[in-house]
Every structure is written in C-alpha cells, then in structure tokens.
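Engineer: Quick one: this structure, given as structure tokens, is what I'll be asking you about.
The values are calculated or read from the model by the stated rules, or taken from the named source; none is laboratory data. On a predicted model such as this, the values are computed, not experimentally measured, just so you know. Glycine gets a Cβ as well: all are built from the backbone with ideal geometry, and neighbour counts include every protein chain shown. Please note that ligands, DNA and RNA were not included when accessible areas were found on the heavy atoms of the full protein model with its side chains. Shrake-Rupley method; radii C 1.70, N 1.55, O 1.52, S 1.80 Å.
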Amino acid sequence: MTDSDLSALRQRAESGDETAVDELIELATEQGDLSELRRLAEQGNSTATDQLIELVTEQGDLSELRRLSDQGNATATDQLIELATEQEDLGGLRRLADRGNITAAEQLAELGVE
C-alpha cells in the first residue's frame with residue numbers, strides 16, 4: 001500500500017467509513033504498527049484497543065500494558081498480571097495489588113510473597 005493509498009484510507013476512516021476503519025486496523029495489526037493502533041484506540045475504537053493489547057502482550061511490552069491498564073482497561077490489566085506472573089515481576093504485581101487488584105494480590109500469594 002502506497003502512502004497515498006494509506007492517506008486516502010485514513011481520510012475515509014475519519015469521515016466515518018467503518019469499512020475503512022476496519023481495513024486500517026487489519027493493516028496496522030499485520031504490520032505491527034502500534035502507533036496506528038494506539039491512534040485508533042485513542043479515538044475510542046475497541047477493536048483497535050483489543051488488537052493493540054494482543055500485539056503488546058505478544059511482544060511482552062509491560063510499559064504499554066501498564067499505560068492501558070492505568071487508563072482503566074480491564075483486559076490490559078489481566079494481560080499485565082499474566083505477563084508479570086510469568087516474568088515473576090513482583091514489583092508490577094505489588095503495584096497492581098496496592099491499587100486494589102485482587103487477582104494481582106492472589107498471584108503474589110501464590111508466588112509466596114507477602
């Protein structure tokens with residue numbers, strides 16, 4: 001896809017063309033374009049948000065998951081807990097537990113941490 005094609009696709013999406021939005025999300029996902037997915041997610045597109053979470057989880061990008069979790073995204077929080085548990089990131093789990101996340105507290109307990 002040329003820059004011109006991408007620009008036209010974005011223009012259609014911004015005009016409310018849902019098909020164009022879907023195409024942008026699909027293209028961004030295929031290319032691993034986190035900034036495009038982030039831009040679409042920030043516009044309130046839940047599919048873009050889901051794809052962003054999926055990609056950053058695959059990449060193990062804890063900082064992006066933290067950002068999304070801090071914005072209140074429960075799926076990002078769940079993925080963050082899962083990755084933090086796998087990586088034994090006790091600090092990350094404590095941070096979430098201290099903010100009242102029961103699942104993070106339970107994971108800490110399972111890891112034998114008080």
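Engineer: Give the range 63-78 a look and list any residue that's under 19 Å from Glu106 (Cα atoms) and surrounded by 20 or more Cβ atoms within 10 Å (Cβ to Cβ), or say none. Step through it out loud before you land on a result.
Structural biologist: So the first thing to find is which residues in the range 63-78 are under 19 Å from Glu106 (Cα atoms), and the list is 66, 69, 74-78.
Once the filter is applied, which keeps residues that are under 19 Å from Glu106 (Cα atoms) and surrounded by 20 or more Cβ atoms within 10 Å (Cβ to Cβ), the range 63-78 yields Ser69, Ala76, Thr77.
Engineer: Name every residue in the range 1-39 that is of a type outside the set (Val, Ile, Thr), closer than 17 Å to Asp61 by Cβ and in a helix (DSSP H, G or I), in order of residue number.
Structural biologist: Restricting attention to the range 1-39, the residues satisfying the condition of being of a type outside the set (Val, Ile, Thr) are 1, 3-18, 20, 22-24, 26-28, 30-39.
Filter again for closer than 17 Å to Asp61 by Cβ, leaving 28, 31-39.
Selection gives Ala28, Gln31, Leu34, Ser35, Glu36, Leu37, Arg38, Arg39.
Engineer: Sticking with this one: So, in the range 10-20, how many residues would count as being out of contact with any Leu (no Cβ under 6 Å at 6 or more places or on another chain) and either among the basic types (Lys, Arg) or surrounded by 16 or more Cβ atoms within 10 Å (Cβ to Cβ) (or both)?
Structural biologist: Summing the residues that are out of contact with any Leu (no Cβ under 6 Å at 6 or more places or on another chain) and either among the basic types (Lys, Arg) or surrounded by 16 or more Cβ atoms within 10 Å (Cβ to Cβ) (or both) in the range 10-20 gives 2.
Engineer: For the range 21-40, give me each residue that is of a type in the set (Gly, Ala, Ser) and open to solvent by less than 20 Å² (accessible area, probe 1.4 Å).
Structural biologist: Residues of the range 21-40 that are of a type in the set (Gly, Ala, Ser), as a first pass: 28, 32, 35.
If the condition is that a residue be of a type in the set (Gly, Ala, Ser) and open to solvent by less than 20 Å² (accessible area, probe 1.4 Å), then Ala28 is the only one that fits.
Engineer: Tell me, which helices (runs of 4 or more DSSP H) wholly within the range 40-114 include 3 or more residues that are farther than 26 Å from Glu30 by Cα and among the hydrophobic types (A, V, I, L, M, F, W, C)? Reasoning before the result, please.
Structural biologist: Values: elements: 46-59, 62-70, 74-86, 90-98, 102-110.
Qualifying helices (runs of 4 or more DSSP H): 90-98, 102-110.
Engineer: Which of the residues spanning the range 1-28 are among the β-branched types (Val, Ile, Thr) and either in contact with an Asp or Glu (Cβ under 8 Å, 6 or more places away or on another chain) or without any contact (Cβ under 8 Å) to a residue 24 or more places away in the chain (or both)? Spell out how you get there, then give the answer.
Structural biologist: As a first pass, look at the range 1-28 and keep what is among the β-branched types (Val, Ile, Thr): 2, 19, 21, 25.
Across the range 1-28, the qualifying residues are Thr2, Thr19.
Engineer: Are there any pairs with C-beta distances below 7 angstrom linking a residue in the range 72-97 that is closer than 12 Å to Thr57 by Cα to a residue that is of a type outside the set (Lys, Arg) and outside any helix (DSSP H, G or I), with the two at least 6 apart or on different chains, and if so which?
Structural biologist: Thr77/Asn101; Leu83/Gly60
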